[in-house]
Amino acid sequence: MALRRAGLLALLLAAVVAAAGGFLAWDWHTPYGTPGEVRVTIPRGMHAGEVAETLHRAGRVRFLPSFKIAFVVYGKPRRIRSGTYRFERPMSPLEILAKLNRGEVELARVTVPEGLCLDQTAELLAEAGMGRREAFLAAFRDRSLLDGLDPRAEDLEGYLFPETYRFDPGISERAVAEVLVKAFRSFWIREGLPLGKQVREVVTLASLVEKETAAPEERPVVAGVFENRMRLGMPLQTDPSVLYALRRAGLPRSLLLREDWGFQSPYNTYRHPGLPPGPICSPGRASLEAALHPRPTPYLYFVSRNDGTHVFSRTLEEHNTWVARTRKGRNGGGGRR
């Protein structure tokens, strides 16, 4: 009798195990969820059980205990990548786990425009949700990221390459800085240019060109004007360099006053001849190419037409005539004395 009872219990247990196994097999391979796109965000440091519960609350998991068992068997809980996962259709638990195991998070798309200086870039990245402004500023002061590129650099000013990037939302601020500098380095190497002293001079000139004009056809001409003035020992007298000097001194402003031309700073190209000590922003490809290949030109001066383009002049007399016509006595950026 006892043997018969033990046999029945064994059969019953086998039937239960088989039924449970059949249910798990069905559940793990059967898609679940409402049609349509669903995004689920997994914060950094979340445990496997919390991930399963988050997916369950989002309506992507049918039976929570079943999914947790699948996670134990097929998941890689120690490698869960934080970020936002996009589910475009109903998926089975095994498909979801495969997605988690591969770390298929949505990448954040961030565009870093031309002409931003360090603190502006830090603000843009922070506003895009990529990290903290203060942490970006700290990373941008890490000159070791420029190893072999610019030995005289005090920070990453000029080397945060303007581009559209796709970042892992869990990326650190320092890693973002590394990506931006790597993009600059890749550009420089693609141009077949040597590293070292020349880099800083080119980037500094390109940063002035970047801030002076957005007109593509003018960039090589502006670079040529600066080359002419430096060859003749004339000060560059570029207003953006003074605005940058004021910004570095904690006195940011959008318009320059005539008295600002006397502001004491090595970046003030009205007071000091030649290029400023370093870049005043991060120039884009077009401005870098203009600095690398300035157009031979007879011009020494230019003044804004107030429409994004400039009038170029050979002589100071001609330049002053155009200043009177275009500015009507008003001071502003982009002028030459």
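What the table shows:
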| read-out | value |
| --- | --- |
| For Thr84, residues with placed amide H under 5 Å, excluding near neighbours | Ile42, Glu106 |
| Taking the stretch 224-337 and dividing mean pair separation by its residue count, relative contact order in percent (alpha carbons under 8 Å, at least six apart) | 29 |
| Distance from the stretch 107-163 to the stretch 254-308 (C-alpha centre basis), Å | 21 |
| Normalised contact order of the chain, rounded percent, pairs of Cα under 8 Å and 6 or more residues apart | 14 |
| Dipole-positive endmost among Pro235, Val73, Ala153 within the chain (Cβ charges, Cα centre) | Val73 |
| Cα gyration tensor category, rounded, prolate or oblate, for the chain with a/c compared to 1.5 | prolate |
| The chain: DSSP helices with Cα axial extent of at least 27 Å and average Kyte-Doolittle hydropathy no lower than 0.0 | 2-29 |
| Size of electric dipole in the chain: Cβ of Lys, Arg +1 and of Asp, Glu -1, about Cα centre, debye, nearest 20 | 640 |
| Net charge dipole size for the stretch 108-190 [Lys, Arg +1 and Asp, Glu -1 on Cβ; Debye, nearest 20] | 280 |
| Charged-residue dipole, Cβ positions (Lys, Arg, Asp, Glu), the stretch 34-146 about Cα centre, Debye nearest 20 | 580 |
| Cβ-based net charge around Gly59, under 13 Å, with every Lys or Arg adding one and every Asp or Glu removing one | +3 |
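Since every read-out is calculated from the coordinates, none of them should be taken as a lab result. Everything numeric here is computed off the predicted structure, so don't read it as measured data. For neighbour counting, all protein chains shown are included, and Cβ atoms are generated from backbone atoms with ideal geometry for every residue, glycine included.
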